[in-house]
Amino acid sequence: SQQGEEDPQALSIQEGENATMNCSYKTSINNLQWYRQNSGRGLVHLILIRSNEREKHSGRLRVTLDTSKKSSSLLITASRAADTASYFCATDAWGNFGNEKLTFGTGTRLTIIP
Amino acid sequence: DGGITQSPKYLFRKEGQNVTLSCEQNLNHDAMYWYRQDPGQGLRLIYYSQIVNDFQKGDIAEGYSVSREKKESFPLTVTSAQKNPTAFYLCASSMDARAWQPQHFGDGTRLSIL
């Protein structure tokens, strides 16, 4: 079953603006990752945030995690045309066999308008 | 350059035919994965392998088979039992099978039915 649900499903912004997308999940997690997928290509890992972290930065990316609300957000600042892609969150949690496999959300399709 | 190579990029299957998708990695990763991606949806895990000569079913293994005879290779066979095989198939690898390890993806194989 899908653990993560991204919101919005699609987002269009002007180049230079900031883009925010959200991920909600259903059960307690150990870690949450964000991936990017360009059209027709594989996914690329962007950033990982652990359940005991609240915020993490990597270049123009800022990720927050609110475990009480079971949600995460990905902020891309000063967007560029090259940021046009789909963005997925992925979660992992403890299960019967230890660290369970990664579960991906449905993605947000981001379009940057030049 | 280290990475994951999937081939072919496009594949067509006739009714009743088995087809095999290739996945090769030169990252020296222990764990490998196969995902299926349908339009507008996230990734669903088909099979994964933590180590050579071992593999486990994912969420949607019915109609698929895999082998892991070499560390570098993890081919996926879509059998005639898979009644709805049209999808984008992604192969990934990670250093080990711990779910928080970032996964590295190939550029996918798009399978269609003739």
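Assorted remarks:
- Hits among lysines - C-alpha to C-alpha of B:Lys14 under 20 Å, sequence gap 8 or more where chains match: B:Lys83
- For q = 0.11 Å⁻¹, Debye-computed log10 I/I(0) when each Cα of chain A counts as one equal scatterer: -0.33
- Each semi-axis of the equivalent ellipsoid for segment A:1-41 is √(5λ) with λ an eigenvalue of the Cα gyration tensor; in descending order they amount to 23, 13, 10 Å.
- Short-range pairs are left out: with C-alpha atoms under 8 Å and at least six residues apart, the relative contact order of chain B is 35 percent.
- For chain A, DSSP calls about 90 percent of its internal beta bridges antiparallel.
- Over the protein assembly as shown: Rg over Rh, Cα atoms, Kirkwood Rh: 0.97
- One chain, two ends: B:Glu69 and B:Lys14. Fully extended at 0.36 nm per residue, the span grows by 17.1 nm beyond their Cα-Cα distance.
- Computed over chain B with a Gaussian network model linking Cα atoms closer than 10 Å, the most mobile of B:Pro39, B:Pro75, B:Pro102 is B:Pro39.
- Most simply put, the protein assembly as shown has about 90% antiparallel DSSP beta bridges, counting only bridges with both residues inside it.
- Rg/Rh ratio calculated on Cα atoms of chain B (Kirkwood radius): 0.94
- Here the Gaussian network model covers chain B, with springs between Cα atoms less than 10 Å apart; of B:Ala99, B:Ala81, B:Ala31, B:Ala99 fluctuates the most.
- Of the trypsin sites (Lys or Arg not before Pro) found in segment B:21-98, those in coil by DSSP whose Cβ has at most 13 other Cβ atoms within 10 Å are B:Lys83.
- Out-of-range pairs (alpha-carbon distance over 19 Å; input A:Lys26/A:Lys69; B:Lys9/B:Lys71; A:Lys26/A:Lys101; A:Lys26/A:Lys56): B:Lys9/B:Lys71; A:Lys26/A:Lys56
FYI, it's all coordinate maths here, none of it is from the lab. Predicted model, so just to flag it, every value in this text is computed and none were measured. In this analysis, Cβ positions are derived from the backbone assuming ideal geometry, glycine residues included, and neighbour counts consider all displayed protein chains.
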